[in-house]
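Enquirer: Structure incoming, see below.
The values are calculated or read from the model by the stated rules, or taken from the named source; none is laboratory data. No experiment lies behind these values; they were computed from the predicted model shown. In this analysis, Cβ positions are derived from the backbone assuming ideal geometry, glycine residues included, and neighbour counts consider all displayed protein chains. Side chains included, ligands, DNA and RNA excluded: accessible areas come from the protein's heavy atoms. Shrake-Rupley method; radii C 1.70, N 1.55, O 1.52, S 1.80 Å.
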Amino acid sequence: MLGICRGRRKFLAASLTVLFVPAVTWIYLFAGSFEDGKPVSLSPLESQPHSPRYTASSQRERESLEVRMREVEEENRVLRKQLSLAQSRGPAHHRGNHSKTYSMEEGTGDSESLRAGIVAGNSSECGQQPAVEKCETIHVAIVCAGYNASRDVVTLVKSVLFHRRNPLHFHLIADAIAKQILATLFQTWMVPAVRIDFYDADELKSEVSWIPNKHYSGIYGLMKLVLTKTLPSNLERVIVLDTDITFATDIAELWAVFHKFKGQQVLGLVENQSDWYLGNLWKNHRPWPALGRGYNTGVILLLLDKLRKMKWEQMWRLTAERELMSMLSTSLADQDIFNAVIKQNPFLVYQLPCFWNVQLSDHTRSEQCYRDVSDLKVIHWNSPKKLRVKNKHVEFFRNLYLTFLEYDGNLLRRELFGCPSEADVNSENLQKQLSELDEDDLCYEFRRERFTVHRTHLYFLHYEYEPASDNTDVTLVAQLSMDRLQMLEAICKHWEGPISLALYLSDAEAQQFLRYAQGSEVLMSRHNVGYHIVYKEGQFYPVNLLRNVAMKHISTPYMFLSDIDFLPMYGLYEYLRKSVIQLDLANTKKALIVPAFETLRYRLSFPKSKAELLSMLDMGTLFTFRYHVWTKGHAPTNFAKWRTATTPYRVEWEADFEPYVVVRKDCPEYDRRFVGFGWNKVAHIMELDAQEYEFTVLPNAYMIHMPHAPSFDITKFRSNKQYRICLKTLKEEFQQDMSRHYGFAALKYLTAENNS
């Protein structure tokens, strides 16, 4: 604070000098220009030698004053230049921060002061902060485990990407769940100049499992201690972040602080902003040893090369073993051990200004870290309450967090101009495929959608399911958008088995879905439902991509390919498992057909048996699916035979057949060229037939389609002639591809189409 005050006094003095000196000079000159109350001209051209008032002495005085005036003006020019430099020094590193000039300069780097235990306040240093090179890669390490932490990492990464101007290399220490989620996310995100490396957190458990930990982060909360061993040996420095961090500035500003480390300083940390380590929160409160208030490890700057030379691994282990003899366990995970080490070796730490880790837990001193929005750099939601924490400005912080939470991640796929990117095979293949398309083709947008890479977040909510050991388990597969969320609870009540759902949502809609699901007792009681978010991009609904995503991420040997608007009959899950055994689905290529019906009533007393369903058919309460608008789609099911059937029966493929089927998980994927409305299921059933699947109708199974408003895509199909023309073109191309792939046997599809 003393450095800040000195800087401000100098700034004020310089400002007064610029304003005061010329004012006094001009007053003096102006006053001196009057003699006997009359103005005296200072211009030599206006002064005449023959004037009686003109004397040699007065001429010399005026010349002297003119010289002095020019000197003062030159001094003012120099002062103005200095002030301009002083004002621009802060904002050069932090856009929008016009209220302070110490944003990059604060921080304690005096190791002698730290040895003496002096940790009060941040100091200001002279000289401009060394800038980070334009294309210098910034390395960031994050420990992440589980479904919730994976969601948090996405928000953190969004905030970093939003402000960044440098290439980034993320080092993710992740468990198997987080790795699966985040590897798919970053692979489909395809952000330029961003590299991701994963390190198996489960392999590191043995390194820290001997340390008892009471913190809610569990064993993963201790893994930052072993980063010197975990990260590549040639990596010299890294920024380490908790998953509950939000950046409000360019991370390069924090990276630049490494240049300020001196001597043996190897850890950059912000002082803890709560009273935890002071030991006065409650009676008999006994925290781990710490230097003063201690340090928070939500944001750490690590000089890895020096830490390795100092034998950091041995240092923290010895300290932890010694302290655990009396403390028995850690309360704040790795933070307790970091602080115990610093207590013994204060010269290791470089204290960062507190705005690099504004800690929003209850009863903190975080408000002292900022006086204006522009002061904020890193926000840390380090309370178990997260967004519900008590803070005077919590609404502002929450809104800032929600901005990144709901921000369209596709907008962050921007290039860093002037910085060469590493060759990405996926990006290169995508560009090659797109370059081969004809942009003048009227169906270009349809063709382009087939190659669009949609950002995908697997297992958006907690998923936990172990398939049945008898290898008969079946997963219901479906896809949906925001307007079909209301079907989820009903489907969960009708189907007790595992479900795999692909949801086509924007970032903001994904958060609405999260709130909806968390507020539903039915959905929260089910851990065997996998929700996979495919983020919106482009103008079409990628229905077959969604189906493929849901199909790909099932853990059972069989799947029931359904749609979100259908309710399966009660008990269908168990009935299908029995049918799998009865029809030997494991050793035969069969597609088991579940007959589809529909109702036009929004309120339906759902039939509890086949007999009850037949009665409702006779009364006109139910109908065979789409009999009045698209008879060909389900006519081959032979509903007349089904009414009296007691055993499974085989049916033959016919043109435009699109039943809902149960198949093995190794069945072919849906063809991505079909988007929106039309032929998306028809093409898949045709492919099953080409691969010699046998279509078998189940006699005691049924599903009922519930009414809903027409989708946007079917409206486009009905109203847009070009849409229908392109769909016809895609159908013809698909049939030609089938003929090339399956040969003579596939000719029947062309014949059937021509006859239909």
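Enquirer: From the phi of every residue in region 343-357, what ³J(HN,Hα) in whole Hz does the Karplus formula 6.51 cos²θ - 1.76 cosθ + 1.60 yield, where θ is phi - 60° and glycine or proline is x?
Expert: Karplus values, whole Hz, x for Gly and Pro: 4, 7, 9, x, 5, 6, 9, 10, 7, 7, x, 5, 6, 7, 6.
Enquirer: Now for a separate question. Go through 200-212, 349-361, 726-738, 548-560 and give me the packing order, highest mean Cβ count within 10 Å leading.
Expert: Going from most to least packed, we get 349-361, 548-560, 726-738, 200-212.
Enquirer: Still on this model: Taking 0.36 nm per residue of separation and subtracting the Cα-Cα distance, what length does fully extending L747 through S525 add?
Expert: 74.9 nm
Enquirer: Here is a follow-up. Could I get the Rg over Rh figure for region 136-353? Both from C-alpha atoms, Rh via Kirkwood, rounded to two places.
Expert: 0.95
Enquirer: Shifting gears a bit: Just to check I understand the Karplus step: with θ = phi - 60° and J = 6.51 cos²θ - 1.76 cosθ + 1.60, what whole-Hz values come out for region 180-194, glycine and proline as x?
Expert: Those phi angles translate into 4, 5, 6, 5, 5, 4, 6, 5, 8, 6, 6, 7, x, 6, 10 Hz.
Enquirer: Still on this structure, please answer the following. What list of ³J(HN,Hα) couplings, whole Hz, do you get for region 547-558 from phi and the Karplus terms 6.51, -1.76, 1.60, once you set θ to phi - 60° and write x for glycine and proline?
Expert: Here the 3J(HN,Hα) series is 4, 5, 4, 5, 5, 5, 10, 10, 10, 9, x, 10 Hz.
Enquirer: Solvent-accessible area per residue for region 136-353 at a 1.4 Å probe radius, Å²?
Expert: 34 Å²
Enquirer: Can you send over the solvent-accessible area of H259, 1.4 Å probe, protein chains only, in Å² to the nearest 10?
Expert: For H259, the solvent-accessible surface is approximately 90 Å².
Enquirer: Rounded, prolate or oblate: pick one for region 454-747, where a ≥ b ≥ c are the square roots of the eigenvalues of its C-alpha gyration tensor, a/c under 1.5 means rounded, and failing that, prolate if a/b is larger than b/c, else oblate.
Expert: Because its axes are fairly even, with a/c under 1.5, region 454-747 counts as rounded.
Enquirer: Would you give the gap between the C-alpha center of region 406-463 and the C-alpha center of region 561-581, rounded to a whole Å?
Expert: A separation of 36 Å, based on Cα centres.
Enquirer: Nearest 0.05, what FRET efficiency do Q368 and M482 give at R0 = 41 Å with Cβ-Cβ as r?
Expert: E between Q368 and M482, to the nearest 0.05, is 0.45.
Enquirer: Given 37 °C and 0.692 mPa s, compute D for region 149-229 with the Stokes-Einstein relation, Rh being the Kirkwood radius over Cα pairs; round to the nearest whole µm²/s.
Expert: The diffusion coefficient I find is 234 µm²/s.
Enquirer: Follow-up question, since we're still on this one. Measuring with a 1.4 Å probe in the full set of protein chains, what accessible area per residue, in whole Å², belongs to region 454-747? Let's see the in-between values first.
Expert: Values: 12100 Å² over 294 residues.
That works out to 41 Å² per residue.
Enquirer: Where both residues lie in region 246-393, what percent of DSSP beta bridges are antiparallel, nearest 5?
Expert: Numbers: 6 of 12 bridges.
Roughly 50 percent of the DSSP beta bridges within region 246-393 come out antiparallel.
Enquirer: Something else: Quick check: from the Cα gyration tensor, does region 632-752 come out rounded (a/c under 1.5), prolate or oblate?
Expert: It is oblate, given that a/c is not under 1.5 and a/b is not larger than b/c.
Enquirer: A further question on this structure: Any idea what % of Cα-Cα pairs in region 609-697 are farther than 22 Å?
Expert: Value for region 609-697 (Cα pairs over 22 Å): 35 percent.
Enquirer: Return the FRET efficiency for the residue pair R414, S206: r is the Cβ-Cβ distance, R0 is 45 Å, and the value is rounded to the nearest 0.05. Could you put the intermediate results ahead of the total?
Expert: Numbers: r = 41 Å, r/R0 = 0.92.
FRET efficiency, R414 to S206: 0.60.
Enquirer: Fully extended, how many nm does the chain gain between N471 and K214 (0.36 nm per residue separation, minus their Cα-Cα distance)?
Expert: 88.6 nm
Enquirer: Rounded to the nearest 0.05, what FRET efficiency do E574 and Q344 have when you use their Cβ-Cβ distance and R0 = 45 Å?
Expert: On the way: r = 63 Å, r/R0 = 1.40.
For R0 = 45 Å, the calculated efficiency reads 0.10.
Enquirer: Strictly over 30 Å apart at the Cα level, which of K158/K432; K641/K681; K641/K721; K589/K641 would you flag in this model?
Expert: Beyond 30 Å between Cα atoms: K641/K721.
Enquirer: Here is a follow-up. What is the extension gain from N720 to K608, computed as 0.36 nm multiplied by their sequence separation minus the C-alpha to C-alpha distance, in nm to one decimal?
Expert: Length difference between fully extended and current span is 36.2 nm.
Enquirer: Also, I was wondering about something else. Carbon and sulfur together cover what percent of the accessible area of region 454-747 at a 1.4 Å probe radius? Kindly include the intermediate steps, with their values, before the conclusion.
Expert: On the way: 6310 of 12100 Å².
C and S atoms contribute 52 percent here.
Enquirer: Please compute the Cα-Cα pair-distance distribution of region 457-610 with 10 Å bins starting at 0, giving whole percents from short to long.
Expert: Taking all Cα pairs of region 457-610, the binned fractions are 10, 40, 35, 14, 1 percent.
Enquirer: Which cross-chain or sequence-distant (5 or more) residues have an amide H under 5 Å from the amide H of N213, H modelled 1.01 Å from N in plane?
Expert: T330
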